[in-house]
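Notes for the one structure printed next.
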Amino acid sequence: MHTLDKFKHIVITGASSGLGAELARQYAAPGVCLSLSGRDAQRLAEVVQSCRASGAQVHEDCIDVTDAAAMAAWLQGCNARQSVDLVIANAGISGGTGQKELEPSAQAQMIFDVNVTGVLNTINPLLPAMVVRGHGHIAIMSSLAGFRGFSGAPAYCASKAAVRVYGEALRAGLEKTGLCVSVICPGFVVTPMTAVNDFDMPLLMPVERAAAIIIKGLARGKGRIAFPFVTRFAVWALSAMPDGLAHRLIRDLPGKKSLK
């Protein structure tokens with residue numbers, strides 16, 4: 001499922017594993033240029049090799065998305081090499097409160113740094129050139145967890161809510177410039193991030209299927225790509241119902257493990 005006529009140069013952060021890696025693999029094809037970043041050099045190299053085997057031109061670098069200067073230099077270099085058609089701000093981390101203890105402040109700060117500031121550091125360096133061209137697509141990786149605060153992962157939920165709302169506002173604000181903004185809100189997907197969860201994850205989805213849904217939604221220019229439907233409806237209902245009722249329904253849900 002390729003959209004070569006629409007996306008010829010795609011930037012993906014967090015491409016060394018999980019959804020980022022699978023998106024890179026599914027987009028890889030002759031005529032496509034991929035600029036990939038990730039934290040794990042070995043895993044990133046494996047993804048790059050796979051994408052090149054599919055015929056894509058690939059450029060990679062290990063960069064911390066919280067480093068604004070490094071990200072700006074890398075992204076501006078990517079765009080100078082070839083105009084970026086699609087940037088997927090995918091890099092993210094998760095962590096929770098373990099056994100319901102207070103979330104460590106350092107962990108909360110780290111999650112916000114990566115999941116929120118990292119998104120800004122990914123899209124802001126490319127926005128001016130996209131606006132001048134009147135062409136470009138920005139995709140922000142949020143989560144269905146961003147529709148309601150769950151006690152087991154407060155910083156994660158809040159960070160994903162922040163980028164969801166930011167992306168929705170950005171879409172409206174940039175509409176007249178010719179740019180498209182999509183917010184991606186997956187449920188549970190089989191990735192290294194969910195592998196550490198020791199609780200039941202309803203409607204856990206293979207990463208291949210999740211990536212295919214995202215690619216289809218981006219090709220259609222959808223503003224919100226939220227899936228699966230049942231989980232999406234459940235979190236929407238929780239966000240819409242009175243707070244007291246919602247609290248009683250979710251207060252005993254298991255929490256994610258704290259970051260080590």
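The values are calculated or read from the model by the stated rules, or taken from the named source; none is laboratory data. As the structure is a prediction and not an experimental result, all values here were calculated from the model. Note that each Cβ is placed from the backbone with ideal geometry, even for glycine, and that neighbours are counted across all protein chains shown.
Pull out all pairs, ordered by first then second residue, where Cβ-Cβ is under 6 Å, the residues are six or more apart or on different chains, the first lies in the range 5-21 and is touching a residue at least 60 places away in the same chain (Cβ under 8 Å) and buried (at least 24 other Cβ atoms within 10 Å of the Cβ), and the second is in a strand (DSSP E or B) and of a type in the set (S, T, N, Q). Within 6 Å, the pairs are 11/35; 13/37. Residues in the range 214-260 that are in a helix (DSSP H, G or I) and at pLDDT 80 or above: 214, 215, 216, 217, 218, 219.
Only one of the listed residues (50, 37) is under 28 Å from residue 187 (Cα atoms), among the polar types (S, T, N, Q) and in contact with an Asp or Glu (Cβ under 9 Å, 6 or more places away or on another chain). That residue is 37.
Selection of first residues in the range 132-156 that are more than 30 Å from residue 241 (Cβ to Cβ) and without any contact (Cβ under 8 Å) to a residue 60 or more places away in the chain and of second residues that are surrounded by fewer than 24 Cβ atoms within 10 Å (Cβ to Cβ) and among the hydroxyl-bearing types (Ser, Thr, Tyr), restricted to Cβ pairs under 7 Å at least 6 apart or on distinct chains, gives the following pairs, ordered by first then second residue: 133/83; 134/177. For residue 109, all conditions in the list (1) among the polar types (S, T, N, Q); (2) closer than 25 Å to residue 211 by Cβ; (3) surrounded by fewer than 21 Cβ atoms within 10 Å (Cβ to Cβ) hold save one; what is the number of the exception? That leaves (2) as the condition not met.
Considering the conditions (1) in contact with a Lys or Arg (Cβ under 6 Å, 6 or more places away or on another chain); (2) surrounded by fewer than 24 Cβ atoms within 10 Å (Cβ to Cβ), residue 55 is excluded by exactly one of them, (1). Out of all the residues in the range 145-167, is one or more surrounded by fewer than 23 Cβ atoms within 10 Å (Cβ to Cβ) and polar (S, T, N, Q)? Yes, the range 145-167 contains a residue that is surrounded by fewer than 23 Cβ atoms within 10 Å (Cβ to Cβ) and polar (S, T, N, Q). Taking the criterion of being touching a strand residue (DSSP E or B) at 6+ places or on another chain (Cβ under 9 Å), under 17 Å from residue 116 (Cβ atoms) and in contact (Cβ under 8 Å) with a residue 60 or more places away in the chain, the residues of the range 60-95 that qualify are 87, 88, 89, 90, 91, 92. Among the criteria (1) of a type outside the set (S, T, N, Q); (2) in contact with a Pro (Cβ under 7 Å, 6 or more places away or on another chain); (3) under 28 Å from residue 157 (Cβ atoms), the one residue 72 does not fulfil is (3). Among residues of the range 28-44 that are under 14 Å from residue 65 (Cβ atoms) and of a type in the set (Lys, Arg), none has a beta-carbon under 8 Å from a residue that is modelled with pLDDT of 95 or more and assigned to a helix (DSSP H, G or I) at least six positions away or on a different chain. Being buried (at least 23 other Cβ atoms within 10 Å of the Cβ) and closer than 25 Å to residue 48 by Cβ is the requirement here; does residue 114 meet it? No; evaluated as a whole, the condition is false for this residue. Does residue 18 meet the test of being touching a Leu at 6+ places or on another chain (Cβ under 7 Å) and on the phi > 0 side of the Ramachandran plot? For residue 18, the condition - touching a Leu at 6+ places or on another chain (Cβ under 7 Å) and on the phi > 0 side of the Ramachandran plot - is not met.
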